[in-house]
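To start, the structure itself, in structure tokens.
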Amino acid sequence: MQRWCSKSPGAHRLPRGCQAAADGDYGVVQGDLNVFSNPLHLYRALLRQCTYLPDPAARSYMQRHVKARYRETLGVPFGSQRDIALQKKARQALSLLLRANAGHLKPLERILLLTYGRIGKRRHEFMRFLREPDVPMDNKALEELSLKELEKKPGLTEKMRVLLKSQKTLRNVLRGDLPKQKNPQPNIPELNSWGRPMPQARIRNLEREWFAGVLASLIPPLPELEWDRLRDLAVGQRKWEGLLPRRTIATGLSGDATLQYVQCKHENSKDTHNLTARLMRRLWGRIFQKCPVMRWNQESMQWQVQWGVSELTEANMRGSGHFTDLSMFAGVDSRGRVLQEDESLKSGSGDDARYIREQLQIV
């Protein structure tokens, strides 16, 4: 690897398209990975980088995702426009994996978002749970469900309504981490721009647009087992396994030397971070606070939502060790400066706890 990073006169010749990066540009150079013209070599490089991810769940999911995507495109003719576009996407995915394994935080966070269903294909899979029709509790609910199925009219399920209401309460806590929320009911005017009654076709289109916006604003819940595992990783109850050792890159196939060079370039970038247990807990916590879990309460016969941000707050309060004995701060003011003897006498007849509580404005 060192020979590709060296700039000495005796260094080996760099691969095609990499000279600009060797001159000091540590960004993503598209020409670096263009030598992977063989889809099999690109597939092999993708699977290899998936095994280096620091999260075990991400390793498993990304491997399954790569294999599934390649199986879906087996019938695409080699060299066609469709094949060229697919290879370009695969090279972009390889660049994402390389930067994530090198310690770039944004690519690594994106892979974690894909793994835990906050974005991407897995998010749509989790949305199926919310779109499942509610179990009718009586004959009236059964008739409404049958009528809705006959009309094919989009509508919110009970799980969607509960989740939307729960998201609204966390709007000020998560701020920019939550998508813009739609109204729980579609806003359809009675008259169109011509002052005539709104046509039924236009009403159906407005309802579909509103329903699509509601689905886009929902944050789907994680399965309970995955939510518990991610919670343990975020709060530090489950020990991180650490990074897996890198295997020696095989020689004899086109593109291996270029992959070795690009990997070295990303590892020496100024945006690289050392992946430690503390950094991984921060990343897991950032993902976990946007992950809800829904449980059915048999007593109240309602769905209950629990968010990761509330669980993290409780865990931080348990581990912060708030002090209860304020006498250790006796003789100092609110800024930590030592008080004179006469000022201490004015503080309240030796009641240090009361004085410190008033100075620090602790309720």
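The values are calculated or read from the model by the stated rules, or taken from the named source; none is laboratory data. Quick caveat, the model's predicted, so the values are computed rather than measured. In this analysis, Cβ positions are derived from the backbone assuming ideal geometry, glycine residues included, and neighbour counts consider all displayed protein chains. Note: accessible area is taken over every heavy atom of the protein model, side chains too, but ligands, DNA and RNA are not part of it. Shrake-Rupley method; radii C 1.70, N 1.55, O 1.52, S 1.80 Å.
Is there a residue in the range 135-147 that is closer than 25 Å to residue 221 by Cα, surrounded by fewer than 14 Cβ atoms within 10 Å (Cβ to Cβ) and modelled with pLDDT of 70 or more? No: the range 135-147 contains no residue that is closer than 25 Å to residue 221 by Cα, surrounded by fewer than 14 Cβ atoms within 10 Å (Cβ to Cβ) and modelled with pLDDT of 70 or more.
If you filter the range 271-311 down to residues that are outside any helix (DSSP H, G or I) and among the charged types (D, E, K, R), you find that the one that is least open to solvent (accessible area, probe 1.4 Å) is 290. Each residue in the range 74-95 was checked for being open to solvent by less than 30 Å² (accessible area, probe 1.4 Å), among the hydrophobic types (A, V, I, L, M, F, W, C) and within 24 Å of residue 284 (Cα to Cα), and 1 of them qualify.
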